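Here's the structure, in structure tokens; my notes come after.
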Amino acid sequence: MDHDQLKDLLPLEALGTLDGEEARAMAAHLAEGCDECEAELRAFREALAAMAISAAGAGPSDQIWRRLESRLPAGAGAASPSMQDRPAERTRDRAARIGVSRTWRVAAVAAAAAAIVLFVMTGNYANQISAIRADDSARIAALGRQARELAAELDDRNRDLAVLRGQIAVSGQLTQAVLAPDARMIRLAPLAPAPSAAGLVAVTPSQNHAVLQVAGLPTPPPGKEYELWWIGAKSGPVKAALFAPTAQGDATVASTLPPAGEQLLASAITLEPAGGVDKPTGAMYLKGAP
Ligand SMILES: [Zn+2]
């Protein structure tokens with residue numbers, strides 16, 4: 001038997017159903033080292049092994065074979081009734097029948113093996129694709145979470161930056177107010193509630209600036225704020241600014257100017273309800289006269 005004939009028998013070799021002369025010829029051919037037959041035989045065996053794994057209960061190859069054989073066309077290899085009437089042709093007929101049957105078996109096994117390979121590969125690809133998809137969507141979700149966290153962090157930083165910018169701007173105003181030729185300074189002295197506090201108000205009408213700087217004020221309790229007052233000879237206390245100090249007790253605050261034409265008697269800081277009041281109601285923390 002030559003290479004082509006033996007190649008056709010490889011599916012049967014994979015199933016272990018070759019015998020006699022065919023089995024011996026196959027063994028000899030493979031022993032000679034035919035790479036093509038070797039590779040094809042391996043592919044058939046792997047496909048059968050895969051089917052044995054994927055189909056529960058289908059382990060040994062003879063079981064697989066029975067399944068495949070049951071799918072062979074019922075009439076495959078059967079001779080026509082008329083032939084059986086002629087004994088002279090019976091022997092030749094029988095040989096032909098075996099040949100036809102063998103051809104059918106080979107074709108059916110090859111087709112089944114191809115279908116199995118396709119089935120196993122398709123299953124693997126489907127699994128891989130869905131694994132990749134699951135992996136990707138998990139990664140996308142993680143990136144989304146990270147992006148939201150970064151955005152929140154950026155918001156925090158921007159708020160901090162805005163506060164710092166405001167402080168720098170007010171500090172600049174304080175410097176300008178203090179350095180201006182018409183600057184009027186009011187030193188604020190501490191009172192009983194905060195003996196170590198200190199404050200300074202700089203008023204420069206020429207630059208339309210009034211700036212307060214304080215240190216050592218306690219953090220106001222919830223719902224409370226500090227309020228700065230101008231105390232005039234005619235108008236009495238007039239609301240000037242509302243503020244909350246930093247955790248360190250400092251604050252630099254831009255304020256309204258004292259009422260125009262008013263004789264300023266003093267400036268003071270009291271603790272008031274958040275949002276401020278029109279006339280002082282709470283304890284006085286700092287007070288000073290021009
Ligand atoms: Zn070969």
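The values are calculated or read from the model by the stated rules, or taken from the named source; none is laboratory data. Everything numeric in this text was worked out from a predicted model, so none of it was measured. FYI the Cβ positions are ideal-geometry reconstructions off the backbone, even for glycines, and counts take in every protein chain you see.
Among all positions in the range 164-171, there is no residue which is in the same structural domain as residue 276 (by TED's automatic domain parsing) and within 47 Å of the chain's Cα centre (by Cα). Screening the range 1-35 for residues that are outside any helix (DSSP H, G or I) and surrounded by fewer than 17 Cβ atoms within 10 Å (Cβ to Cβ) and picking the one that is nearest to the ligand (Cβ to nearest atom) gives 34.
Against the test of being within 24 Å of residue 285 (Cα to Cα), among the hydroxyl-bearing types (Ser, Thr, Tyr) and without any contact (Cβ under 8 Å) to a residue 40 or more places away in the chain, the options 196, 206 yield a single qualifying residue, 196. Criterion first (in a loop (DSSP other than H, G, I, E, B) and basic (Lys, Arg)) does residue 234 satisfy it? Yes: the conditions hold for residue 234.
Restricting 214, 163, 203, 170 to those that are assigned to a helix (DSSP H, G or I) and touching a strand residue (DSSP E or B) at 6+ places or on another chain (Cβ under 8 Å) reduces the list to 170. Scanning the range 164-194 for residues that are within 18 Å of residue 257 (Cβ to Cβ) and loosely packed, with under 15 Cβ neighbours inside 10 Å returns 169, 172, 175, 179, 181, 182, 185. If the condition is being within 15 Å of the ligand (Cβ to nearest atom) and among the hydrophobic types (A, V, I, L, M, F, W, C), then the range 36-56 contributes 37, 39, 41, 43, 44. Report whether or not residue 260 is out of contact with any strand residue (DSSP E or B) (no Cβ under 9 Å at 6 or more places or on another chain) and either surrounded by fewer than 17 Cβ atoms within 10 Å (Cβ to Cβ) or not assigned by TED's automatic domain parsing to the domain that holds residue 218 (or both). Criteria met by residue 260. Residue 182 fulfils the conditions (1) at pLDDT below 90; (2) in a helix (DSSP H, G or I) except for a single criterion, (2). Within the range 266-277, the set of residues being part of a strand (DSSP E or B) and either surrounded by fewer than 14 Cβ atoms within 10 Å (Cβ to Cβ) or out of contact with any Phe, Trp or Tyr (no Cβ under 9 Å at 6 or more places or on another chain) (or both) comprises 273 only.
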